[in-house]
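The values are calculated or read from the model by the stated rules, or taken from the named source; none is laboratory data. Every value quoted in this text rests on a predicted model; they were computed, and no experiment measured them. Neighbour counts are summed over all protein chains in view; Cβ atoms, including those assigned to glycine, are modelled from backbone coordinates with ideal geometry. Ligands, DNA and RNA are excluded from the accessible area calculation, which covers all protein heavy atoms including side chains. Shrake-Rupley method; radii C 1.70, N 1.55, O 1.52, S 1.80 Å.
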Amino acid sequence: MPRLLAVLAALALASCNSGFEPQYRVTDLRVLGIRSKVQGSASSDVIPGDTVVLDALVANPLGRPGLTVTWFGCFPHGDESLPPCADPVFLDDPRRLATDPRVTPLGTGESLTLAIDPAAVTSALAFVTSIAMAEPAFRCRLYAELVVIALAEAQGHRSAALKRVRVTPDPAGLVGTVLEGAYVLNLDPGILAVTRSPTNRSTCGGGTVVDAGPFPAGQTVLCGGATSGSRQQFNDCVIKDGNLMMLVTDEDLTWQWYVTAGEFPEFTGVGNATGGDVDFTRPREAFTLWSILRDARGGEDWATYVVSAAQ
């Protein structure tokens, strides 16, 4: 989505200068993404009492030993204050996460299972519910945000990324109220395949799956295909002439690409490689490719391909 704001700003400025690696090229330890999924479900949103599985996509191209991933969280409160986990000034020094009493240590590991205690989110959900009841335009945004951070460390190097996990009231408790059915639970999208050299770029048709057979060096096209159902429909609440309208809206899906070697020639400057189909210059040496699919509501999926040297 996988990026502390202050650090990224600095990287973006640096990447505009010659001599710096583009953002898409991963040369050292980096957290590329975080995915949330309710245990036993495809939902990336959680309701009180759910158990959510958090996965971090950690790139460690140099194979630095002693890799650890530590998770921290800032649970939502019944106000609009900015939590420290989402404050770029606070995150200038990620070491503060372990000592600030407003931050909750969640556990360790590249994958973490977290039970959402209803008591920890009661005040926040009461707050957003009261706003939605008073302001109909907010009924389609009936959620608070649990901000989680994955901090990867190895050999004195560190990288962190944050994820805003949506926490929404149990839909069963909204039956019979004006809020029933207004907010649609978000499901994670899914990557069907990543192909190269498609004959139809718009549909990814006719291509070869990246890790199937030889991958010749040189110029090609990479194309990402999503599973059916990845693009959900959700409600968008709009007030027109004093009346509430719930517009059915299609999700936007976005793709992001990372490699340890090779070029995305159309993405110069910062080098943020995005789009469902992208030009790619495949190097002769072995490399790792990461493709991340995101929807606009917090859902995420990814695919990792380790490609051997060209013959």
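Structure values in brief
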quantity: Gain in span if fully extended, Tyr305 to Asn272, counting 0.36 nm per residue against the direct Cα distance; calculated: 10.0 nm
quantity: Loop-located GluC sites (Glu not before Pro) in the range 253-300, at most 16 other Cβ atoms within 10 Å (DSSP); calculated: Glu266, Glu285
quantity: 20 Å tail of the calculated P(r), the range 204-288, as % of Cα pairs; calculated: 52 percent
quantity: Cα→Cβ-extended label distance, 7 Å offset, between Ala134 and Glu110, nm; calculated: 4.6 nm
quantity: Unit charges at the beta carbon, dipole of the chain: most positive-side option, Thr288, Met245, Thr122; calculated: Thr288
quantity: Shape of the range 79-206, Cα gyration tensor, a/c cut at 1.5; calculated: oblate
quantity: Accessible area of His77 in the full protein assembly, 1.4 Å probe (Å², nearest 10); calculated: 120 Å²
quantity: Asp93 versus Asp211: modelled label distance in nm, points set 7 Å from Cα along the beta carbon direction; calculated: 4.2 nm
quantity: Cα-based convex hull, the chain, per residue volume (Å³, whole number); calculated: 157 Å³
quantity: Cα-centre dipole for the range 195-311 with unit charges at Cβ (Lys and Arg positive, Asp and Glu negative), debye to 20; calculated: 260 debye
quantity: Lys37 - accessible surface, heavy atoms, 1.4 Å probe, Å² rounded to 10; calculated: 70 Å²
quantity: Inter-part distance where the range 130-152 and the range 238-256 are each reduced to a Cα centre, Å; calculated: 16 Å
quantity: Dipole of the chain, positive end: most advanced residue of Cys204, Pro65, Gly181 [Cβ charges, Cα centre]; calculated: Pro65
quantity: Rounded accessible area of Tyr24 (nearest 10 Å², 1.4 Å probe); calculated: 10 Å²
quantity: Within the chain: Cβ-based charge dipole about Cα centre, in debye rounded to nearest 20 (Lys, Arg +1; Asp, Glu -1); calculated: 540 debye
quantity: In nm, spacing of pseudo-spin labels at Ala172 and Ser202 (7 Å Cα→C-beta vector); calculated: 4.6 nm
quantity: Convex hull per residue volume in Å³, alpha carbons only, for the range 126-280; calculated: 201 Å³
quantity: Calculated [θ] (222 nm, deg cm²/dmol) that DSSP helices of n ≥ 4 give over the chain, each run adding -39,500 (n - 2.57); calculated: -3000 deg cm²/dmol
quantity: Extension gain (nm, one decimal) between Asp79 and Gln39, 0.36 nm per residue minus Cα-Cα; calculated: 11.6 nm
quantity: Size of charge dipole - the range 38-178 - debye, nearest 20, with Cβ of Lys, Arg +1 and Asp, Glu -1, no other charges; calculated: 220 debye
quantity: For the chain: accessible area per residue (Å², 1.4 Å); calculated: 46 Å²
